[in-house]
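Engineer: Shown below is the structure under consideration.
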Amino acid sequence: MDHVNGVELAVFVFFLLLVTVVGFAAARWRRGQTLLHLDEWGLGGRSFGTFVTWFLLGGDLYTAYTFIAVPAAVFASGAMGFWSLPYAAIAYPIVFLIGPRLWSVSHVHGYVTPADFVRGRFGSKSLGLAVAVTGILAMMPYIALQLVGIQAVLTVMGVKGSGLARDLPLFIAFALLAAYTYTSGLRAPALIAFVKDALIYLVIIVAILYIPTKLGGWGHIFDSAQASLTKVNPATHKPGGSIVTSDLNHWAYGTLALGSSLALFIYPHTVTGALAAGRRNVIRRNAALLPAYSLLLGLLALLGYMALAKPDVAAAVKAAKNPQLAVPTLFDHVFPSWFTGVAFAAIGVGALVPAAIMSIAASNLFTRNVYKAFFRPEASPAEETRVSQFVSLLVKVGALIFVLAFDKSLAINLQLLGGIWIVQTFPSLAIGLFTRWFHRWALLAGWAVAMVYGTVTAYRQSSPTQKHFGQPIADIPLIHHTGYIALTAFVLNMLVVVVLTVLLRALKVADGVDETSPADFLADADDARVRDLPEVTTG
Amino acid sequence: MPNKAAPPTRPLVRVVIAVLLIAPFVIYLAVPSYAKIKPRLAGFPFFYWWQLVWVILTAAFIGLAYALTRRRTGGSSPDRADEKGE
């Protein structure tokens, strides 16, 4: 790997140029009357059908970082790393319940962001701000991690060295991404998602059919992985893991899956993808169709075991002390160069789609819930769009600086924290779709307590390689099992919300005005109350 | 979570929908029940093939729940959009 692999790089560059052309062309696809409206730029005209939404949400949820990090976790710790599969399954009943209601109420009231809904539902700009700030903070490191995904494939292709030469390809890819996101808005990632998913499906299907034949079959892959994982590590005096979970980590496995499933649909980028759907039923159908990607994710996770079962790959990854290289190195060793190029392009393009949607989601949050809510209430839709476009550039520059200037473990730690934080908006956002019983100040207090608890607890966790933020799991008070911090914080959050709601209602503290009505949560596109025409001013 | 403003769906159908949506949680959160190697299927330890099969079943359950919500009766109800589809 000391030299740049020309064939791999050429194929990789070809696909990146292809999606750049697609990204710019997307501005003309399903074009509305004006692009200078957040419904157009930020939500693709709110017109996507089942098919487009499936690709868009699939491209959005299953990111390049996932494709790198999930097999890396399985490579490093075995069965424990497989929790993403149950997570990616049980998230969808939740999507089925909350998705259509969020879509309907947002359509009736012209909400663009999750924080718009919370502000309108609970009549509280501060609660809206809390949800928006949580979302923006969670988005930034997540965007940065997409870059880490691209970096991993560039490293294996031999694009390394120091300073500018190493960082230049990343810089160019992101500059192009910023440019077409600026001009085409959400239509760019929606169209690029087709390329991304076609590539990903092709690569994974080939990988799971072809690689086992080279490694002596699935049975042998699992057996060699087990042998390798149970070997005692001389540094920690403990085995690395096992291919099944044990009494020690059943709780961690279950709580990670459950806690993350709460987060999946309330992440701002998911909401952006979902609100771009043209009809209510598009969301419900997608709740049943998106698990196809989860199946893919589960099979992809097993590539971590294939890397363990192939001694030269396992040795190379361990020598580099970076399990994130497991999948790229595996591809590099078993596939012919041209197909490795295709596989790397799949990961590279897989980074660009979510990065674009996340930057749009973060900038919409800023524009609607900070800029418009607190500084420019009279901002026109055109002004909102211009601010969002500009902020989307800032967000990407920020993410780039993040990755280039700091150690990448900072982005990983913050993304871990982001997951814990975002779950704390579940009471106001997801439960708020079903009940208005909670008091707005109780929700704000519960959120604040849980944010502090989650952050402090995560900071205190050490691992063999890190003093702080070593892992997302910690002892659950009273139960004394190890569990996902986000879920413990969420339970604490709910306790505070319920107790304070009872108290504040008893004291008759003024509650905000709810601008929604029960029928709003069931409205569909052909409903007379739905305002989806760009010329109707929103907000 | 019941749909408060929804039109009255037959109670039995509501229970079926609830069971369909809750079942995947019960299956996946009972971690010790599937934390074992045997029986294997095509070389896959039980832990893996069981969880992968349930992804397909979860999708099927949600699809079924969707079909059941669309069969609701009551022409002029606020949820009429569900019957109309696209």
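Engineer: For A:Gly110, work out the one condition from (1) more than 14 Å from chain B (Cβ to nearest Cβ); (2) at pLDDT 95 or above it doesn't fulfil.
Structural biologist: So the condition that A:Gly110 fails would be (2).
Engineer: Determine whether the range A:251-267 contains at least one residue that is of a type in the set (Val, Ile, Thr) and open to solvent by less than 10 Å² (accessible area, probe 1.4 Å).
Structural biologist: yes
Engineer: I've got another one for you. For the range A:442-493, give me each residue that is polar (S, T, N, Q), in a loop (DSSP other than H, G, I, E, B) and open to solvent by less than 60 Å² (accessible area, probe 1.4 Å).
Structural biologist: Within the range A:442-493, A:Gln461, A:Ser463, A:Gln466 qualify.
Engineer: Now for a different question. Taking the condition over 18 Å from A:His269 (Cβ atoms) and surrounded by fewer than 22 Cβ atoms within 10 Å (Cβ to Cβ), does A:Phe24 pass?
Structural biologist: yes
Engineer: Hey, another quick one. Scan the range A:271-326 for residues that are open to solvent by 10 Å² or more (accessible area, probe 1.4 Å), within 14 Å of another protein chain (Cβ to nearest Cβ) and outside any helix (DSSP H, G or I) and report the count.
Structural biologist: So the answer is 2.
Yes/no per residue for (1) open to solvent by less than 10 Å² (accessible area, probe 1.4 Å); (2) closer than 22 Å to A:Leu400 by Cα; (3) polar (S, T, N, Q); (4) within 21 Å of the chain's Cα centre (by Cα):
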position	(1), (2), (3), (4)
A:Ala69	no, yes, no, yes
A:Ala79	yes, no, no, no
A:Pro100	yes, no, no, yes
A:Gly123	no, no, no, no
A:Ala132	yes, yes, no, yes
A:Leu145	yes, yes, no, yes
A:Gly149	yes, yes, no, yes
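Engineer: Checking the condition closer than 20 Å to A:Pro323 by Cβ and touching a Leu at 6+ places or on another chain (Cβ under 7 Å), which residue from A:Ala178, A:Ala152, A:Ala227 passes?
Structural biologist: When all the criteria are applied, what remains is A:Ala152.
Engineer: Taking the stated definitions as given, is A:Phe426 open to solvent by 30 Å² or more (accessible area, probe 1.4 Å) and either touching a helix residue (DSSP H, G or I) at 6+ places or on another chain (Cβ under 8 Å) or over 12 Å from A:Tyr142 (Cβ atoms) (or both)?
Structural biologist: It is false that A:Phe426 is open to solvent by 30 Å² or more (accessible area, probe 1.4 Å) and either touching a helix residue (DSSP H, G or I) at 6+ places or on another chain (Cβ under 8 Å) or over 12 Å from A:Tyr142 (Cβ atoms) (or both).
Engineer: Which of the numbered conditions does A:Val244 fail, given that it passes all the others? Conditions: (1) open to solvent by 10 Å² or more (accessible area, probe 1.4 Å); (2) in a helix (DSSP H, G or I); (3) within 13 Å of chain B (Cβ to nearest Cβ); (4) closer than 22 Å to A:Ala89 by Cα.
Structural biologist: If we test A:Val244 against (1) open to solvent by 10 Å² or more (accessible area, probe 1.4 Å); (2) in a helix (DSSP H, G or I); (3) within 13 Å of chain B (Cβ to nearest Cβ); (4) closer than 22 Å to A:Ala89 by Cα, just (2) comes out false.
Engineer: Among the residues of the range A:49-58, is there at least one that is within 14 Å of another protein chain (Cβ to nearest Cβ), open to solvent by 20 Å² or more (accessible area, probe 1.4 Å), within 21 Å of the chain's Cα centre (by Cα) and closer than 26 Å to A:Ile143 by Cβ?
Structural biologist: yes
Engineer: Which of the residues belonging to the range A:350-399 are within 15 Å of A:Glu40 (Cα to Cα) and outside any helix (DSSP H, G or I)?
Structural biologist: A:Ser380, the sole residue that qualifies.
Engineer: Within the range B:43-73, can you find the residues that are of a type in the set (Phe, Trp, Tyr) and in contact (Cβ under 8 Å) with a residue 40 or more places away in the chain?
Structural biologist: Residue satisfying the conditions is B:Phe61 alone.
Engineer: Based on this model, can you work out whether A:Leu168 counts as without any contact (Cβ under 8 Å) to a residue 12 or more places away in the chain, of a type outside the set (Gly, Ala, Ser) and surrounded by fewer than 21 Cβ atoms within 10 Å (Cβ to Cβ)?
Structural biologist: Yes.
Engineer: When you go through (1) more than 14 Å from every other protein chain (Cβ to nearest Cβ); (2) buried (at least 18 other Cβ atoms within 10 Å of the Cβ); (3) part of a helix (DSSP H, G or I) one by one for A:Gly44, which number turns out not to apply?
Structural biologist: A:Gly44 satisfies all of (1) more than 14 Å from every other protein chain (Cβ to nearest Cβ); (2) buried (at least 18 other Cβ atoms within 10 Å of the Cβ); (3) part of a helix (DSSP H, G or I) except (3).
Engineer: Does the range A:197-211 hold any residues that are modelled with pLDDT of 90 or more and either open to solvent by less than 10 Å² (accessible area, probe 1.4 Å) or outside any helix (DSSP H, G or I) (or both), and which are they?
Structural biologist: Hits for the range A:197-211 are A:Val203, A:Ala207, A:Ile211.
Engineer: Still on this structure, I have one more. Pairs, please: C-beta under 6 Å, at least 6 apart or cross-chain, first residue more than 7 Å from every other protein chain (Cβ to nearest Cβ) and at pLDDT 95 or above and in the range B:22-38, second open to solvent by less than 70 Å² (accessible area, probe 1.4 Å) and part of a helix (DSSP H, G or I)?
Structural biologist: Partner pairs satisfying both residue conditions: B:Ile27/B:Trp54.
Engineer: Being part of a helix (DSSP H, G or I) and surrounded by fewer than 24 Cβ atoms within 10 Å (Cβ to Cβ) is the filter here; which residues of the range A:327-349 pass it?
Structural biologist: Correct list: A:Asp332, A:His333, A:Val334, A:Ser337, A:Trp338, A:Phe339, A:Val342.
Engineer: Quick check, is A:Thr20 of a type in the set (S, T, N, Q), out of contact with any Gly (no Cβ under 7 Å at 6 or more places or on another chain), assigned to a helix (DSSP H, G or I) and more than 30 Å from B:Ala23 (Cα to Cα)?
Structural biologist: The answer is yes for A:Thr20.
Engineer: A:Leu36: outside any helix (DSSP H, G or I) and either open to solvent by 50 Å² or more (accessible area, probe 1.4 Å) or farther than 25 Å from A:Arg284 by Cα (or both), yes or no?
Structural biologist: It is true that A:Leu36 is outside any helix (DSSP H, G or I) and either open to solvent by 50 Å² or more (accessible area, probe 1.4 Å) or farther than 25 Å from A:Arg284 by Cα (or both).
The values are calculated or read from the model by the stated rules, or taken from the named source; none is laboratory data. Worth saying up front: this structure is predicted, and the values here are computed from it rather than measured. As a convention, Cβ positions derive from the backbone with ideal geometry for all residues, glycine included, and neighbour counts pool all protein chains shown. For accessibility, only protein heavy atoms count, side chains too; no ligands or nucleic acids. Shrake-Rupley method; radii C 1.70, N 1.55, O 1.52, S 1.80 Å.
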